[in-house]
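What follows is a single structure, written as structure tokens, with notes after it.
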Amino acid sequence: MFSIVRSLWITFLHMFHKRETIQYPEEKVKLTTRWRGRIVLTRDPDMGERCVGCYLCAAACPVDCISLQATEDENGRRYPAFFRINFSRCIFCGYCEEACPTYAIQLIPDFEMGEYNRQNLVYEKKDLLIDGQGKYAGYNYYKVAGMAIGGKDKGEAENENPPVDVKSLMP
Amino acid sequence: MIIIGAVLGALLTIAPGLIWLERRMLALWQDRYGPNRAGPFGLLVVLADTIKLFFKEDWIPPFADKFVFVIAPAIVAITVLMSFVVVPFAPGIVVSDLNVGILFFLAMSSMGAYSIILGGWASNNKYSLLGAMRGAAQLISYEVFMGLSLMGVVLMSGSFSLNDIVEAQRGMWYVVPQFFGFLMFFIAGVAETHRLPFDIPEAESELVAGFHSEYSGMKFGLFFVGEYLGITLISSVTVVLFFGGWLGPEFLPPVAWFALKTFGFIIFFILLRASLPRPRYDQLMEFGWKILFPLTLLNLVATATILLWLET
């Protein structure tokens, strides 16, 4: 009997508590930087595309919502000819971001992507590509990779020694 | 005639208004906002709800007993509205001051249980039937001490007429000498209206929606209106019998005092819903028969003894 009166009183006291509700369209939710929302493709500090078209994100995607086609430019740099994410399928698991070897694909704290037309949820490369570096500032894949591209030969990457001629006897 | 119109108008505005009030109050006690978009403080949600109910398909399941199915929701609304006939809102403002007012109220409000039993039976659905069965089980457990708990008040005032009972409380409200009677009556009243924590026939977490699982549209709306009218009825009758009805200091008119006290009880009903869990129906029957019924008898006998002792 006492516990009934007590729970009535406790409930009554909640009248003077602060309300938990966030009045969404007027008041925005505070999202942390690691929140998994809309997917973007980032660029390196020199404004080159980071994506090298390795297909690892498409392979990692559990719902197969990523589709892309890799191609090469005149310098031998790989980039995606098209990059398409179907956000009506995407489950925002972030596996693509984990799989990406060049920090190109990233999930950002934004979820306001509602559409009236389902087809509008299919994002093309021009919708995905942003003019920034996202979470990993200063990272440039071709500057640290050993691969030779136009304007950067073998051994010219950061922290890389010039290649050794393995057929020569001289050190 | 004017009084009938005024009472009917007031009640039928209060009933949907209570839906809004209940949602706001529940939200307040659960640290939420509740409906706050449509109109000022979300008041227009009442209108939206009503329009929605009117435009919903009024479906009668092919397996239902059609006549009983249609008549069941009308019973609850009619009986509750009939009970209001004897409630005195202010001196002179009463539809009919019957000299057996309390008995009429008890009879009419108990008839409301028919709507649950018949509605659940006619739906021909196992959950509805279970709800109806629980409704019947609940009925026999609270109805006895509901009537007996009021007899203390009748003994003290010497009248069954609600108007006389209010007048007899000029000296002291009956909640003081009849505190146990008030407690019993209020518990029985909560069970009578099938409100939480005694919404056993409805029990939406176990029986879908209990006796009104198969109802839709305005038939469901009538059950809903009946429930909220029931809350208003029990609140106002409690106020009349135990809290001096329209009596109160002069600075407010009697009707305002009555409305104020009634709304206090309505809000207490909502607080009950916000805080208490639902007992099993055998627990309610046990509570009713083994605890409240003897206590009510004891209260009655004690009241009678003291009154006799004072007389001699």
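For the reader, a short list of remarks on this structure follows.
- A simple count of charges around A:Pro109, restricted to other residues whose Cβ falls under 15 Å of its Cβ and scoring Lys, Arg +1 and Asp, Glu -1, yields +3.
- In the stretch A:1-66, the GluC sites (Glu not before Pro) that fall in loop regions by DSSP, at most 14 other Cβ within 10 Å: A:Glu20, A:Glu26, A:Glu27
- Once B binds A, the 1.4 Å probe can no longer reach about 1500 Å² of accessible area, counting both sides.
- Cα-based values for the protein assembly as shown, radius of gyration first and Dmax second, are 35.3, 133 Å.
- Taking chain B as a Gaussian network of alpha-carbon nodes connected by springs under 10 Å, the highest mean-square fluctuation of the residues B:Leu53, B:Leu196, B:Leu276 belongs to B:Leu276.
- Taking B:Met146, B:Met184, B:Met111 in turn, the Gaussian network model of chain B (Cα-Cα springs below 10 Å) assigns the largest fluctuation to B:Met111.
- From phi via Karplus (6.51, -1.76, 1.60), per-residue ³J(HN,Hα) for the stretch B:56-63 in Hz, x at Gly/Pro: 6, 5, 8, 9, 10, x, x, 8
- The stretch B:217-295 shape via C-alpha gyration tensor axes, a/c threshold 1.5: oblate
- Net dipole in debye of the stretch B:181-312 [+1 Lys, Arg Cβ; -1 Asp, Glu Cβ; about Cα centre; nearest 20]: 160 debye
- Heavy-atom accessible area, 1.4 Å probe, ligands and nucleic acids excluded: residues of the stretch B:8-41 down by at least 40 Å² from chain alone: B:Leu28, B:Trp29, B:Asp31, B:Tyr33, B:Arg37
- Rounded, prolate or oblate (a/c below 1.5 giving rounded, otherwise prolate when a/b exceeds b/c) for the stretch B:6-143 by Cα gyration tensor: oblate
- Coupling constants for the stretch B:68-73 follow from the phi torsions by the Karplus curve (6.51 cos²θ - 1.76 cosθ + 1.60, θ = phi - 60°), and in residue order they are 5, 4, 6, 7, 4, x Hz; glycine and proline get x.
- Neighbour-limited loop hits for trypsin sites (Lys or Arg not before Pro), the stretch B:209-312 (at most 15 other Cβ within 10 Å; DSSP other than H, G, I, E, B): B:Arg280
- The protein assembly as shown - percent of accessible surface contributed by carbon and sulfur, probe 1.4 Å: 65 percent
- Computed 3J(HN,Hα) for the stretch A:6-14, one whole-Hz value per residue from the Karplus formula 6.51 cos²θ - 1.76 cosθ + 1.60 where θ = phi - 60°, is 5, 5, 4, 5, 5, 4, 4, 5, 5, glycine and proline marked x.
- Residue-level accessible surface for B:Arg170, protein heavy atoms, 1.4 Å, Å²: 150 Å²
- For the set A:Lys18/B:Lys56; A:Lys18/B:Lys261; B:Lys219/B:Lys290, the pairs lying more than 30 angstrom apart at their alpha carbons are A:Lys18/B:Lys56; B:Lys219/B:Lys290.
- Where trypsin sites (Lys or Arg not before Pro) fall in DSSP loop in the stretch A:1-82, at most 13 other Cβ within 10 Å: A:Lys18, A:Lys28, A:Lys30, A:Arg34
- In a simple Cβ point-charge model (Lys, Arg +1; Asp, Glu -1; nothing else charged), the stretch B:63-311 has a dipole of about 300 debye relative to its Cα centre.
- Think of a 1.4 Å ball rolled over the protein heavy atoms: the stretch A:1-145 then has 63 Å² of accessible area per residue.
- Based on every Cα atom in the stretch B:63-311, Rg and the maximum pairwise Cα distance Dmax equal 18.3, 62 Å.
- C-alpha center-to-center spacing [the stretch B:227-263, the stretch B:98-163] in angstrom: 21 Å
- Formal net charge of residues neighbouring B:Ser109 (Cβ-Cβ distance under 14 Å; K, R +1; D, E -1): -2
- Each Lys and Arg Cβ is given +1 and each Asp and Glu Cβ -1; about its Cα centre, the stretch A:1-117 then shows a dipole of about 660 debye.
- Computed label-point distance, nm, for sites B:Glu250 and A:Lys154 using a 7 Å Cα→Cβ extension: 11.0 nm
- For chain B, the relative contact order works out to 24 percent when only alpha carbon pairs closer than 8 Å and six or more residues apart are counted.
- Springs between Cα atoms under 10 Å define the GNM used for chain B, and in it the highest mean-square fluctuation of B:Leu81, B:Leu155, B:Leu247 occurs at B:Leu155.
- Only one residue of B:Leu308, B:Pro277, B:Leu155 has its Cα farthest out toward the positive end of the dipole of chain B, where Lys and Arg carry +1 and Asp and Glu -1 on Cβ, and that residue is B:Pro277.
- Percentage, to the nearest whole number, of Cα pairs in the stretch A:24-138 over 20 Å apart: 41 percent
The values are calculated or read from the model by the stated rules, or taken from the named source; none is laboratory data. Being a predicted model, the structure only gives us computed values, none of them experimental. Glycine gets a Cβ as well: all are built from the backbone with ideal geometry, and neighbour counts include every protein chain shown. These area figures cover heavy atoms from the full protein model, side chains too; ligands, DNA and RNA do not enter into them. Shrake-Rupley method; radii C 1.70, N 1.55, O 1.52, S 1.80 Å.
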